[in-house]
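The values are calculated or read from the model by the stated rules, or taken from the named source; none is laboratory data. In this text the structure is predicted, and so the values were computed from the model without any measurement. Cβ sites come from the backbone with ideal geometry, for glycine too, and all protein chains shown count toward neighbours. Ligands, DNA and RNA are stripped out before the accessible areas are found, and what is left, the full protein with its side chains, is counted by its heavy atoms. Shrake-Rupley method; radii C 1.70, N 1.55, O 1.52, S 1.80 Å.
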Amino acid sequence: MESQYSPAKIEKKWQTTWVDQKLHATSTDLKKPKFYALSMFPYPSGNLHMGHVRVYTIVDVIARLKRMQGFRILNPMGWDAFGLPAENAAIERGIAPATWTYANIAQMHEQLDSLGISFDWAKEVTTCSPNYYRWTQWIFLQFLQAGLAYQKEALVNWDPIDQTVLANEQVDNEGKSWRSGAKVERKLLRQWFFKITDYAEQLLTDLDKLGGWPERVRLMQANWIGKSTGAQVTFATETGDDIIVFTTRPDTLWGATFMVISPEHPLVEKLTTPEQAKAIATYQATAAGKSELDRTAEGQEKTGVWTGSYAINPVNEEKIPIWIADYVLMDYGTGAIMAVPAHDQRDFEFAKTFNLPIKVVVQPGDRALDAATMTAAYPGDGAMVNSGVLNGVPAGKGKDQSVAAAIQHLEALQKGQGTTTYRLRDWLISRQRYWGCPIPVVHCPSCGIVPVPEDQLPVKLPDQEAIAGSGPLPLSKLENWVNVPCPTCGTPAKRETDTMDTFMCSSWYFLRYPDAQNDQSAFDSAIANDWLPVDQYVGGIEHAILHLLYSRFFTKVLRDRGLIHCDEPFQRLLTQGMVQGKTYKNPKTGKYVLPQNIADTSNPVDPETGDRLEVVYEKMSKSKHNGVAPGDVIDKYGADTARMFILFKAPPEKDLEWEDSDVEGQYRFLNRVWRLVTESSLGANSNLASSTRTKPEKDLRRAIHTAIKEVTEDLQGDYQFNTAISELMKLSNALSDALNDAATKASPVFREGIETLVKLLAPFAPHIADELWHRIGKPDSIHQQAWPQADPAALVSDEITLVIQVMGKTRGTIQVPAIASREELEDYAKASEVGQKYLSGQTLKKVIVVPGKLVNFVLG
């Protein structure tokens, strides 16, 4: 056997052994409690980064711990493989996206294996595989049958060069496409949506069930759902059409002096007078060229055009002008607002810009507002004025306050009603790209939208050696694929040529894992109900809203379809911090400088300009030249060292700053453990009665069981891996110290300590732990052993450290029996060298004894 610690040799050996022994296979022993450990699956870019290493190591420690604690474990892995990045990479290389994607998967699979992650690869899923997206399509049909999927025209971000829809995140702050650089347009397209708004209230109220989620994530979701209570108010217009608005402050209706509707509102053309037609058309064209971000950004200059028409304020019959302005969005609310400039800052700025009237209807108690002299809107409470039947009513949303009174008045007039709205909008799932899950419907001129029969699923993507880089709807160009007979009537029809948003695939993958090889259904309900909900989910905070919200939505819909029982998919959520690298940045140019181009990193300057560089830690990325390749670390130090560092450097929810010196520190620690175990001659594994143990043996056993207690507690709740590793270091030090005592070194307590250290180390550094377990004569894998239990009796000390004080100042300590009485403690203190020294020749006025802690001598 090798006498030196050689990670390269032992890690590959144990990875192969674990596969041969099927050590990570999911147990089917239903007598054991289940534990579903899940990390968010990656997009297969081809290379792991340190962020991947962190999240998968965190989940692996939890899974290995729970397995040793007697749970049956499901710890799967898969690939979020559809999407625009793969399509773009394939276009650039002139190859099929599938070719690119599967090559990347193979490479990343190998990299994950090198980390020693205990994934059950028999549960692997790949979202771009027909075996998977067949069931994504089946789930789409479930939504369609439930009335939760529909098509409508919607405003989208349109790239006129690539001729595709862009997500808001793909539009830069100048309103240009992130890929083509084209000025993005707002365009009406017929798109597929899911009615997530039907579940808005459930999604909001059930956040209270998620006590195992970070409060920050729950708050982000609550804000995204954005529940508002108020009233829908009907404004009549001169054309005979009604405009509906929603307001949270219907009590301020008497202060509404104009209306604003979206440039895309369907009534714009009808409301526009001939005199205003040209100005309106010009403004609409300008607004269409702006992104939603541009239109709604705070601080933007207020722009707008009057339609030439008026609406009738329903509470006072006053005529108020109707304007269009780009800050009102058609797909948010009703696409129309009533403007109360005295009490809303945005309306105030608009009114000032266009010299529109301002009318005060809420007076604060401490001063009198004058519309003519106001410099900002007053949004606070007070008393209602100039408000007809509401005059004198306290302004606010309480039971006897103005909002409730206004709603009651509107309902009596039949001009409005109390209602609740949500910021959440229906989920647009259409994408005009090739590399996505096809939408399983056919458009028939006779029958309309026809679902593809379930026995004809999957609707496969056509095989393409390469796809065109631009042009509308790549699938629409493939006539042999598009043109099909209608499944209902046989009439020539056309397939849907949009593909699905990739979030569709990731919103249910956790349901597929437990039953990944099922070719008869998306999942067996009994199996899904056994494993769901996921006990611990780990992933980045960037998924706090969309992925996590959509997964919750899917779970509730499938529950209502009778397919599963659980209300929520993820019982506990951990959002790990980023891995940051040291970065050298020129503050004048904003450019990042390669570390190897810097002559003196202790005094870094830009080699091109001579400017002094900022040294900061930022998220690792190629563009910042601060990345560290996991493979390089594994090749140099081994996977166990990489795992130990990533867990020890910072609590899991905090950002982690990469330092090579800290990596080396963990490597040195594992080397010390290696030498401690391999160079020790262990005594017999026999029980030694506690009454016959020596004091050093008792002290060592207390250190052993303190480590068990502390590590176990650190691996529960908030998963404080860093402090757990600190406890391993303390135990290692205690065992090393015991080597100096021949009797202790040869005792069963020392063997207990070595075996305990290896067991506690196993979830963190699985390769070295299994190797050391084997070297101390154990035939089975360390990962099949039971997690050690702390012995409460071992934690109790026979002796305590007694502090001796004189006049309140500590002068020394002594060891005394833990069971000593107050009188005995005083006697021990007086008889000690410290007591003799400070009491000699002095008058003792008083003795204060705090049992178990200290004796304080007060001198006269």
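If each DSSP helix of 4+ residues adds -39,500 (n - 2.57) and the sum is divided by the residues in the chain, what number results at 222 nm, nearest 500 deg cm²/dmol?
The helix-only estimate for the chain comes to -10000 deg cm²/dmol at 222 nm.
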Legend entry - Order by protection proxy (mean Cβ within 10 Å, highest first), peptides 32-39, 141-148, 363-370, 502-509: 502-509, 32-39, 141-148, 363-370
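Computed FRET efficiency, Cβ-Cβ of SER45 and GLU664, R0 25 Å: what is it to the nearest 0.05?
About 0.30, to the nearest 0.05.
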Inset, instruction - Can you tell me the 0 to 90 degree angle between the C-alpha axis of helix 721-738 and the longest principal axis of the chain, rounded to 10? - result: 10 degrees
Inset, instruction - Show GLU826, GLU496, GLU110, GLU833 ordered by accessible area, largest first, where the area counts protein heavy atoms only and the probe is 1.4 Å. - result: GLU833, GLU110, GLU826, GLU496
Legend entry - segment 1-138 shape via C-alpha gyration tensor axes, a/c threshold 1.5: oblate
Inset, instruction - Sequence neighbours fewer than 8 away in the same chain don't count; with that in mind, list the lysines whose C-alpha is under 25 Å from LYS415. - result: LYS227, LYS270, LYS319, LYS359, LYS397, LYS399
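Please work out the FRET efficiency for the pair THR601 and THR273, using the Cβ-Cβ distance as r and a Förster radius of 51 Å; give the result to the nearest 0.05.
0.15
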Inset, instruction - Treat each spin label as a single point 7 Å out from the Cα along the C-beta direction, and report the THR813 to MET374 distance in nm. - result: 6.8 nm
Legend entry - Structure-derived Rg and Dmax of the Cα atoms in Å: which label, when the choices are (i) 35.1, 110; (ii) 34.8, 116; (iii) 30.6, 99: (ii)
Inset, instruction - Apply 1/(1 + (r/R0)^6) to the Cβ-Cβ distance of GLN842 and SER821, taking R0 = 25 Å, and write down the FRET efficiency to the nearest 0.05. - result: 0.55
Inset, instruction - Report the extension gain between VAL858 and THR694 in nm, rounded to one decimal, defined as 0.36 nm multiplied by the number of residues separating them, less their alpha carbon distance. - result: 55.3 nm
Inset, instruction - Summarise the accessible area of segment 192-278 (1.4 Å probe, protein heavy atoms) by the percent that is carbon and sulfur. - result: 50 percent
Legend entry - Theoretical gain in end-to-end length, CYS447 to GLU713 [0.36 nm per residue, Cα-Cα removed]: 89.5 nm
Inset, instruction - Give me the lysines in straight-line cross-link reach of LYS12: C-alpha distance below 16 Å, same-chain residues under 8 apart excluded. - result: LYS22, LYS636
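Run the numbers for ALA25 and GLU174: contour at 0.36 nm per residue of separation, minus the present Cα-Cα distance, in nm.
Result: 48.6 nm gained on full extension.
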Legend entry - Carbon/sulfur fraction of accessible area - segment 437-542, other protein chains in place, 1.4 Å, %: 48 percent
Inset, instruction - Measure nothing but the geometry: give the 0 to 90° angle between the long axis through the Cα atoms of 7-20 and the longest principal axis through the Cα atoms of the chain, rounded to 10°. - result: 70 degrees
Inset, instruction - Measure nothing fancy, just the Cα-based angle from helix 546-560's long axis to the longest principal axis of the chain, in degrees from 0 to 90, nearest 10. - result: 80 degrees
Inset, instruction - Could you check the simple spin-label distance between ALA236 and ASN740, using points 7 Å along Cα→Cβ, in nm with one decimal? - result: 9.7 nm
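How much accessible area per residue does the chain have, counting only protein heavy atoms and a probe of 1.4 Å, in square angstrom?
44 Å²
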Legend entry - Rough spin-label spacing in nm, given labels placed 7 Å along Cα→Cβ, for VAL484 and LYS730: 6.4 nm
